[in-house]
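Remarks on the structure that follows.
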DNA sequence: GCCAACGTTGGC
DNA sequence: GCCAACGTTGGC
């Protein structure tokens, strides 16, 4: 059963363009330091799942395209790197706390689907992203939400 | 186990 | 830059 997810990223740090230009159009999604998000990365996400790529903290917050999970959850080694900025001394190679997945660029939307637009779409009532105070950096998306957003973005579902 | 203080996220 | 909503930390 294929699942769908939404990944937030600040485009000034790592945009969909960055992903598209990465080697093999693939990157490891490191640096997530929230337990709820960790559980999704480690236990729920599976190779082949769809990812909505969302730009946050920018002029027009929006879903700008899609990616896919290409590697299941595995330990985030940046937790062991004091230089990384995501260092966590409580996490060890023997007992890792933090996990990441690999994602690969799939497609860029013809038109980004902005947060404001999503708020006005009836089909997206109840979408996690639109809930006030919702800050999870990786979060589940329903098949219906996925389909509606891809259509709005000008991609075939 | 409670809860105040603090840091972060992220839209506006 | 502001600020609401969270998550985390640490004293008790």
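One table, with the values for the structure above:
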item: Every residue from segment A:56-78 that is over 18 Å from residue A:4 (Cβ atoms), buried (at least 17 other Cβ atoms within 10 Å of the Cβ) and in contact (Cβ under 8 Å) with a residue 40 or more places away in the chain; result: A:61, A:76, A:78
item: Candidate set: segment A:135-144, residues that are surrounded by 13 or more Cβ atoms within 10 Å (Cβ to Cβ) and within 16 Å of DNA strand B (Cβ to nearest atom); chosen: the one farthest from residue A:111 (Cα to Cα); result: A:136
item: Close pairs from segment A:111-129: first within 19 Å of residue A:9 (Cβ to Cβ) and in contact (Cβ under 8 Å) with a residue 60 or more places away in the chain, partner assigned to a helix (DSSP H, G or I) and away from DNA strand C (no atom under 16 Å from the Cβ), Cβ under 8 Å, at least 6 apart; result: A:129/A:118
item: Top-ranked residue in segment A:20-38 [being in contact (Cβ under 8 Å) with a residue 60 or more places away in the chain and assigned to a helix (DSSP H, G or I); ranked as surrounded by the fewest Cβ atoms within 10 Å (Cβ to Cβ)]; result: A:24
item: Failed item in (1) surrounded by fewer than 17 Cβ atoms within 10 Å (Cβ to Cβ); (2) more than 13 Å from DNA strand B (Cβ to nearest atom); (3) part of a loop (DSSP other than H, G, I, E, B), with residue A:17 passing the rest; result: (3)
item: The listed residue being over 21 Å from residue A:134 (Cβ atoms) and more than 16 Å from DNA strand C (Cβ to nearest atom), out of A:27, A:66; result: A:27
item: Tally of residues being without any contact (Cβ under 8 Å) to a residue 24 or more places away in the chain and assigned to a loop (DSSP other than H, G, I, E, B) across segment A:135-157; result: 3
item: Leading residue by the ranking (nearest to DNA strand C (Cβ to nearest atom)) among those in segment A:44-54 that are in a strand (DSSP E or B) and over 12 Å from residue A:105 (Cβ atoms); result: A:54
item: Meets criteria (more than 16 Å from DNA strand B (Cβ to nearest atom) and assigned to a loop (DSSP other than H, G, I, E, B)) for residue A:57; result: no
item: Complete set of residues in segment A:32-46 that are within 16 Å of DNA strand B (Cβ to nearest atom) and in contact with a strand residue (DSSP E or B) (Cβ under 8 Å, 6 or more places away or on another chain); result: A:32, A:37, A:38, A:40, A:41
item: Exclusive hit being touching a residue at least 60 places away in the same chain (Cβ under 8 Å) and either over 22 Å from residue A:156 (Cα atoms) or in a loop (DSSP other than H, G, I, E, B) (or both), set A:41, A:6; result: A:41
item: Residue identified as buried (at least 17 other Cβ atoms within 10 Å of the Cβ) and either free of Cβ contacts under 8 Å to residues at least 40 places away in the same chain or in contact with a strand residue (DSSP E or B) (Cβ under 7 Å, 6 or more places away or on another chain) (or both) among A:132, A:104; result: A:104
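Bear in mind these aren't lab numbers, they're just calculated from the coordinates by the rules spelled out. The model shown is predicted, which means the values in this text are computed figures rather than measured ones. Reconstructed Cβ throughout: ideal geometry from the backbone, glycine too, with neighbour counts over all protein chains shown.
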